[in-house]
């Protein structure tokens, strides 16, 4: 599965032009056999920004390489996936605040 469709990438790029805004996440990526989750709000080139939770109890706002996620090979021949049913109902700072309080991302 392609992690970022053209429409998603265009929205992420548009958000990057206004980096001071508290955007709602555009896309949710996840590890189907682990606890890692990424809620992404913007992108420049290959580097996306958002809330990253690697499942170690310390979710944080930061950057991630989309090509690195696309190359990630998981057990059972699986790979990082895009949540096809995700629709953000909060801004990224609201997700981050809740994730820090819980120790994990709940989206």
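When 20, 46 are screened for being touching a helix residue (DSSP H, G or I) at 6+ places or on another chain (Cβ under 9 Å) and farther than 24 Å from residue 104 by Cβ, only 46 passes.
Residues that are crowded, with 20+ Cβ neighbours inside 10 Å and free of Cβ contacts under 8 Å to residues at least 60 places away in the same chain number at least 2 in the following strands (runs of 3 or more DSSP E) confined to the chain: 27-30, 37-44, 47-53. Could you tell me how many of the residues in the stretch 40-65 are more than 21 Å from residue 21 (Cβ to Cβ) and touching a strand residue (DSSP E or B) at 6+ places or on another chain (Cβ under 9 Å)? The total comes to 5. Annotation: residue 37 fulfils all but one of (1) touching a helix residue (DSSP H, G or I) at 6+ places or on another chain (Cβ under 6 Å); (2) within 21 Å of residue 84 (Cβ to Cβ); the unmet one is (1).
Just so you know, all these numbers are worked out from the coordinates, no wet-lab data involved. Quick caveat: nothing in here was measured; it's all calculated off a predicted structure. Neighbour counts are summed over all protein chains in view; Cβ atoms, including those assigned to glycine, are modelled from backbone coordinates with ideal geometry.
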